[in-house]
Amino acid sequence: MSIPTEPIGSLPRPRALQEAFAEHAQGRLSTAELEKIQDQAVADTLAMLEKLGCPVLVDGDQAKPSTITYPLQGLTALDPDGTVIPYADGHTRQLPRLTQGPFRYQIHAETYLRTARRHTDLPVKQAVVAPSALSLLYPADGIDGYPREAFLSDLVNEAAADIRGCLDAGAHRVQLDFTEARLALKLDPTGGLLDQFIELNNQVLERFGESERARLGVHTCPGADQDSTHSLDVDYADLLPRLFRLEVGNFYLQLASESDPEHVLRMAAAQLPAGTRLFVGVTDPLDPRVETAEEVRDRVLLAARHIPTDQLGTCDDAGFSPYADDASTSRDLAFAKIEARVRGTELAVKVLGL
């Protein structure tokens, strides 16, 4: 397809897997039994995406507790009272707080990728957590014997290893989930916090060569958890100039749920770096209504009026269930929206004569 289309990453977990997560946490299910159920969910997810005609697959984060916390599974130097992320509907998510160093990933994302590639010969994309998100683990009052500078050095090393492992394992694309970008502007409208995030992420990205960065991407959105967002009220005008400083070849931009998508497209077109590709969101995971293929087609055609087609791609606005316990969206609904994205992109390609 001359306009590539890709999913973002997470998909709703089957009920059996959600129940298995809960039983394992309570000690009623062995790790081996949980892994068997996870593996089946991965296989089912890949098979369904292939059936829908997706040219690039994801494992749906079926084995991750969340898109942010997967590297922390088994890490004991944590307290639960870390940074709180408030959502517009009133619910919150809370990150843990690191209590001692050195900081090391307990699980690297290549583990999930290698499992997925056992089940398919099609290209598989792997999402990883941006180091900027994990920087929020470090407490404001510091850690005795482990200064923030040492933590950030360890974090950069671990994040780079996470990406490197996925590239070496044959990922079609490695996507950094940078949901905290827009939230940073809400927490600090001066842009200082976001600038720190951009600088930290680029310290990792600069460790990769030009050809490798062509396989790297960054996704940003205003959050998508339990049918709510955390920063949709933040204007892209303050985000895009900083976002496009990231040293990657691909950007994934939430757009379908924007009140004025053409306004965003004009800004993006004026600032998009040469030689990069912009994947625009054409389906909204938080909208319970399934978009038609024709609606998606029209959204792609609108984007093509502003973004050169050789720099354009399509995606979903966000992952459908970034946290494993999020049951607000059904698997059937998620797959229906993905099918609309694939079919609608195909229709747009035909109209454009590509």
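Numerical summary
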{"read-out": "Some residue of segment 167-190 being more than 28 Å from Asp89 (Cβ to Cβ), buried (at least 21 other Cβ atoms within 10 Å of the Cβ) and polar (S, T, N, Q)", "value": "no"}
{"read-out": "Residues that are of a type in the set (Ser, Thr, Tyr) and surrounded by fewer than 13 Cβ atoms within 10 Å (Cβ to Cβ), drawn from segment 84-114", "value": "Thr92"}
{"read-out": "Check on His230, of a type outside the set (Asp, Glu) and either assigned to a loop (DSSP other than H, G, I, E, B) or at positive phi (or both)", "value": "yes"}
{"read-out": "Some residue of segment 138-158 being touching a residue at least 24 places away in the same chain (Cβ under 8 Å) and closer than 20 Å to Tyr252 by Cα", "value": "no"}
{"read-out": "Output for segment 183-220, where each listed residue is assigned to a helix (DSSP H, G or I), closer than 21 Å to Asn157 by Cα and in contact with a strand residue (DSSP E or B) (Cβ under 8 Å, 6 or more places away or on another chain)", "value": "Asn201, Leu205"}
{"read-out": "Failed item, numbered, when Thr220 is tested on (1) buried (at least 21 other Cβ atoms within 10 Å of the Cβ); (2) within 30 Å of Ala22 (Cβ to Cβ)", "value": "(2)"}
{"read-out": "Filtered residues of segment 330-354 (kept if under 30 Å from Ala22 (Cβ atoms), assigned to a loop (DSSP other than H, G, I, E, B) and without any contact (Cβ under 8 Å) to a residue 24 or more places away in the chain)", "value": "none"}
{"read-out": "Members of segment 293-329 found to be within 19 Å of the chain's Cα centre (by Cα) and part of a loop (DSSP other than H, G, I, E, B), listed by number", "value": "Asp317, Ala318, Gly319, Phe320, Ser321, Pro322, Ala324, Asp325, Asp326, Ala327, Ser328, Thr329"}
{"read-out": "Hits in segment 42-71 (condition: aliphatic (A, V, I, L, M), part of a helix (DSSP H, G or I) and crowded, with 22+ Cβ neighbours inside 10 Å)", "value": "Val42, Leu46, Leu49"}
{"read-out": "Any hit, segment 279-292, residues being closer than 27 Å to Pro189 by Cβ, surrounded by fewer than 24 Cβ atoms within 10 Å (Cβ to Cβ) and over 19 Å from the mean Cα position of the chain (by Cα)", "value": "no"}
{"read-out": "Residues located in segment 24-39, provided they are loosely packed, with under 15 Cβ neighbours inside 10 Å and either without any contact (Cβ under 8 Å) to a residue 24 or more places away in the chain or among the polar types (S, T, N, Q) (or both)", "value": "Ala25, Gln26, Gly27, Arg28, Ser30, Thr31, Ala32, Glu33, Lys36"}
{"read-out": "Subset of segment 72-83 [surrounded by 15 or more Cβ atoms within 10 Å (Cβ to Cβ) and touching a Lys or Arg at 6+ places or on another chain (Cβ under 9 Å)]", "value": "Leu75, Leu78, Gly82, Thr83"}
{"read-out": "Filtered residues of segment 63-82 (kept if touching a Phe, Trp or Tyr at 6+ places or on another chain (Cβ under 7 Å) and either more than 21 Å from Val42 (Cβ to Cβ) or among the basic types (Lys, Arg) (or both))", "value": "Lys64"}
{"read-out": "Considering residues of segment 234-256 that are part of a loop (DSSP other than H, G, I, E, B) and at pLDDT below 95 only, the residue surrounded by the fewest Cβ atoms within 10 Å (Cβ to Cβ)", "value": "Asp235"}
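The values are calculated or read from the model by the stated rules, or taken from the named source; none is laboratory data. Just so we're clear, the structure is a prediction, and the values are computed from it rather than from any experiment. Note: ideal-geometry Cβ built from the backbone for every residue, glycine included; neighbour counts use all protein chains shown.
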